[in-house]
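The values are calculated or read from the model by the stated rules, or taken from the named source; none is laboratory data. For clarity, every value in this text was computed on a predicted model and none was experimentally measured. Cβ atoms come from the backbone with ideal geometry, glycine included; neighbour counts cover every protein chain shown. Calculation scope for accessible area: heavy atoms of the full protein, side chains included, ligands and nucleic acids excluded. Shrake-Rupley method; radii C 1.70, N 1.55, O 1.52, S 1.80 Å.
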Amino acid sequence: MATAEAVATAVDEPAPRQLEPSELGTRSYWDEYYQNDLDHDESEGDEATALSSHTDLESWFDDVGAPAKVLQYLTSEAFPLASRKTSCTVLDLGTGNGSSLFSLFIDGGYTGCLVGIDYSQQSIELANKLHARYSRLFATPQHRPPPISFHVFDMVTDDPLIATWWPEDGEGFDLVLDKGTFDAVSLSSETVVDSQGVDKRLCEIYPGKTAALVRKGGFFLITSCNWTEEEVIDWFTTGEMQDQFEVFGKIKYKTFQFGGHKGQGVSTVCFRKPD
Ligand SMILES: C[S@@+](CC[C@H](N)C(=O)[O-])C[C@H]1O[C@@H](n2cnc3c(N)ncnc32)[C@H](O)[C@@H]1O
């Protein structure tokens, strides 16, 4: 990922349309990353503290308070789905250890159908392991197991329409979340040939793949550290993405000065898919 300083420096420069590929754009990096978490799960067997320690689960951009700010945004009265949080459908792209969904369920009261997908088998294994632990804790007369399922799925190559988790009405999800996944995809060196025979970086096809997962009138909320707020909006609303999303809201973070430039290390934008 880009450092906060690099992002701040980039604020006043022309928007880079492509990032230099890095290992964070490879599946093997993430497989190893989550395998390491699986191998060093120190809370293994410690049921008593598992519930209270869910806030300690590693969550990207916690250092700038992004997970808490996103949760506050999604549960505020101003967010249209907050009044339907017991029934709306949520999809988390590149879910990692599933922390966004566990938090949305445990702290946010989102108790509809929650689905997490990731192309790393080890990520899904880790998320399922944590899910099993929370399920044991929630299996009381007052609670039911978290209605969350996790699935191996590659955003670039796999077809959601034939996935077991695709909503029955076929219309897509009410809310789709991305925290750090477009960032990772933007660091991949891979390319695919589009229907016009043009070679494209994965970040160029990701916005269209994302839009296809959101139902009309639904929302897509993305948090990024590699792209500024303006760049995120550019990626998801211009060119081939014209008319697919409109900006619904933004989350503000503390700005900082670096080398005479002002910037915020992380950006969060909420898009709405027009009816
Ligand atoms: C920076 S991590 C963020 C994890 C999680 N969203 C969080 O906030 O903790 C990026 C995640 O994207 C996943 N990922 C990258 N490319 C993907 C793809 N093409 N399809 C599905 N998941 C992908 C990685 O395996 C990794 O879990």
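Okay, here's what the table says:
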{"item": "³J(HN,Hα) computed for each position of segment 63-70 - Karplus, 6.51 cos²θ - 1.76 cosθ + 1.60, integer Hz, glycine/proline x", "result": "4, 10, x, 4, x, 5, 5, 5"}
{"item": "Local electrostatic count, ILE251, Cβ distance below 10 Å [Lys/Arg +1, Asp/Glu -1]", "result": "+2"}
{"item": "Dimensions (Å) - segment 182-253, Cα atoms, principal axes, largest first", "result": "37, 27, 18"}
{"item": "Within the accessible area of segment 113-170 (1.4 Å probe), percent carbon and sulfur", "result": "56"}
{"item": "Relative contact order of segment 78-165, defined on C-alpha pairs under 8 angstrom at six or more residues apart (%)", "result": "29"}
{"item": "Label point distance in nm, ASP107-ALA163, each placed 7 Å from Cα along Cα→Cβ", "result": "2.5"}
{"item": "Inter-centroid distance (Cα atoms) of segment 154-168 relative to segment 194-217, Å", "result": "14"}
